[in-house]
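Have a look at the structure below, then the notes.
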Amino acid sequence: MPIDARLIEDHNEQQFNAHRRRFDFIATDIVDADAVVQKLAAFNIAIPSWALGTGGTRFGRFSGGGEPRNLEEKIEDVGLLHALNRSSGAISLHIPWDIPQNYADIKALASHYQLKFDAVNSNTFQDQLGQALSYKFGSLHHVDASVRKQAIEHNIEVIRHGVELGSKALTVWLADGSSFPGQLNFRKAFQRTLESLQAIYKELPPDWKLLIEYKAFEPSFYSTTIGDWGQSFTLANKLGPQAYTLVDLGHHLANANIEQIVALLLMEGKLGGFHFNDSKYADDDLTAGSIKPYQLFLIFNELVEGMDARGLEHATGLGWMIDASHNLKDPLEDLLQSVEAIMIAYAQALTVDRPALVQAQEQNDVVRSQEILQQAFRTDVRPLVAQSRLIAGAALDPIGLYRSLQIRKGLIDRRGDRTVATGL
Ligand code: RM4
Ligand code: MN
Ligand code: MN
């Protein structure tokens, strides 16, 4: 463990009385608070290997210190997070930013920190050094069959890495699109994408999922070939039972009703995974819950309702991941904040008075429906989340402990202050 368990125990002892007071105060008002706490303790959110360094914009990148220099150090960083909150027990790799050199060593390191390997991600949105053909005009939708073949083979290669590591899903996000009207035949581009995905789908191990991520805009400015949930859903349906849609919160046009999208995808059995982040304008990749916490709660409200309706385990029924970028904050502190925000939204959704909501909906009682949702949203459930950490052996106040142990300073001392992690 990257943090001595005794340090966490000491920290929790110091905080315990204040925590207990806050927890008892709230727990009396929550129906079956223990069951809620157990569900929270079981819930884990994967950390992407590309979010451990300082992100940038196209205007610049202001590197923080002590960024992980290689995959081993990235695993160590996720291990740190997991030790602090016990809710970050998986890492998601982006290939070729993070190619494992020795599978056995990497797996041993991950299990040392009690981490699993979440979905593996392919990258056909950048050209790599020495790559034969360019993705300037797309990859799986490309007009040239040899470019498509290269991109298909890359995805199959990514599956092979994932199989070695014990991953169970491939996430495909394409930058394929067009920036000017007339550039692309939409119908043919979509058809070519489907055929390329079919070639990849054929190579999936039987217990794997193919997660198809959509995005409305960027880097293409006029059209994106998998631009919305309808397009992803159509592809997933045509591909077969192992293909699902992945929802990244930042990939919608402004004001899209994401909670409704989630509800319908779940109902159709085609929601496969989630990328959490928050945004004000576009794919800002900000800390989850930092701008629109009510929306995050409403999404979780649909997730809980829809997963329960299908009998899915909350913790394992879908792939949960953060997909964020950190321009200003220490990435590890930012990730701790995101995990906390996700847990809070989940806890609030678990405390919604569901029978009362159903009744209010059946009676068209609009006022009561809103009251019920906002009652849950406005309840301070943070002591429940803290309690779930306590029983899991994590820190009551992860960021407080991270700061008091001066973890970033230790990373800078060991890695240097000019290191740059691969990723965005
Ligand atoms: C994209 C998308 C993908 C991620 C890349 C790095 O916008 O969100 O999930 O793989 O960024
Ligand atoms: Mn994403
Ligand atoms: Mn994105």
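Annotations
- Listed by position, the helices (runs of 4 or more DSSP H) enclosed by the stretch 1-87 that each have at least 2 residues that are free of Cβ contacts under 8 Å to residues at least 24 places away in the same chain and farther than 24 Å from residue 313 by Cα are 5-27.
- Residue count for the stretch 244-287, restricted to those that are in a loop (DSSP other than H, G, I, E, B), within 19 Å of residue 56 (Cα to Cα) and touching a Ser or Thr at 6+ places or on another chain (Cβ under 6 Å): 3.
- Every pair of residues 6+ apart whose Cβ atoms lie under 9 Å, when the first sits in the stretch 236-253 and is of a type in the set (S, T, N, Q) while the second is within 15 Å of ligand 3 (Cβ to nearest atom) and part of a loop (DSSP other than H, G, I, E, B): 245/214
- Scanning the stretch 87-110 for residues that are within 18 Å of residue 394 (Cβ to Cβ) and surrounded by fewer than 23 Cβ atoms within 10 Å (Cβ to Cβ), we see that the one that is nearest to the chain's Cα centre (by Cα) is 90.
- Of residues in the stretch 363-402 being polar (S, T, N, Q) and crowded, with 17+ Cβ neighbours inside 10 Å, the one farthest from the chain's Cα centre (by Cα): 369
Results for (1) surrounded by fewer than 23 Cβ atoms within 10 Å (Cβ to Cβ); (2) among the charged types (D, E, K, R), shown as yes or no for each residue.
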| site | (1), (2) |
| --- | --- |
| 120 | no, no |
| 153 | yes, yes |
| 213 | yes, yes |
| 219 | yes, no |
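- Per the listing 243, 263, 256, the residue uniquely under 18 Å from residue 307 (Cβ atoms) and either within 16 Å of ligand 3 (Cβ to nearest atom) or among the aliphatic types (A, V, I, L, M) (or both) is 263.
- Taking the criterion of being in a loop (DSSP other than H, G, I, E, B) and either within 14 Å of residue 198 (Cβ to Cβ) or within 16 Å of ligand 3 (Cβ to nearest atom) (or both), the residues of the stretch 216-240 that qualify are 216, 217, 218, 219, 220, 221, 225, 226, 227, 228, 240.
- Options 275, 252: the member that is within 16 Å of ligand 2 (Cβ to nearest atom) and buried (at least 23 other Cβ atoms within 10 Å of the Cβ): 275
- Entry remark, the stretch 175-212: residues being within 16 Å of ligand 2 (Cβ to nearest atom) and in contact with a His (Cβ under 7 Å, 6 or more places away or on another chain) number 1 in total.
- Within the stretch 255-272, being more than 20 Å from residue 297 (Cβ to Cβ) and within 15 Å of ligand 2 (Cβ to nearest atom) holds for one residue alone: 272.
- Residue within the stretch 103-118 that is touching a Gly at 6+ places or on another chain (Cβ under 7 Å) and either among the acidic types (Asp, Glu) or within 16 Å of ligand 2 (Cβ to nearest atom) (or both) present: yes
- All conditions in (1) among the acidic types (Asp, Glu); (2) more than 30 Å from residue 382 (Cβ to Cβ); (3) touching a strand residue (DSSP E or B) at 6+ places or on another chain (Cβ under 8 Å) hold for residue 118, with the sole exception of (2).
- The requirement of being within 16 Å of ligand 3 (Cβ to nearest atom), free of Cβ contacts under 8 Å to residues at least 60 places away in the same chain and either among the aliphatic types (A, V, I, L, M) or surrounded by 14 or more Cβ atoms within 10 Å (Cβ to Cβ) (or both) is fulfilled nowhere in the stretch 201-209; no residue meets it.
- Residue check for residue 153: closer than 29 Å to residue 102 by Cα, among the charged types (D, E, K, R) and under 24 Å from the mean Cα position of the chain (by Cα): no
- Positions within the stretch 176-205 being more than 14 Å from residue 224 (Cβ to Cβ) and small (Gly, Ala, Ser), in sequence order: 182, 196, 199
- Here the condition is being closer than 25 Å to residue 82 by Cβ, assigned to a helix (DSSP H, G or I), modelled with pLDDT of 95 or more and not hydroxyl-bearing (Ser, Thr, Tyr); of 372, 344, it holds for 344 alone.
- Number of positions in the stretch 124-150 that are within 20 Å of residue 170 (Cβ to Cβ) and either without any contact (Cβ under 8 Å) to a residue 12 or more places away in the chain or buried (at least 20 other Cβ atoms within 10 Å of the Cβ) (or both): 11
- Pairs where the first residue, in the stretch 159-172, is free of Cβ contacts under 8 Å to residues at least 60 places away in the same chain and the second is more than 16 Å from ligand 3 (Cβ to nearest atom) and polar (S, T, N, Q), C-beta under 8 Å, 6+ apart: 170/155; 172/155
- Scanning the stretch 228-248 for residues that are under 14 Å from residue 140 (Cβ atoms) and within 14 Å of ligand 1 (Cβ to nearest atom) returns a single hit, 232.
The values are calculated or read from the model by the stated rules, or taken from the named source; none is laboratory data. All of these numbers come straight from a predicted model, not from anything done at the bench. In this analysis, Cβ positions are derived from the backbone assuming ideal geometry, glycine residues included, and neighbour counts consider all displayed protein chains.
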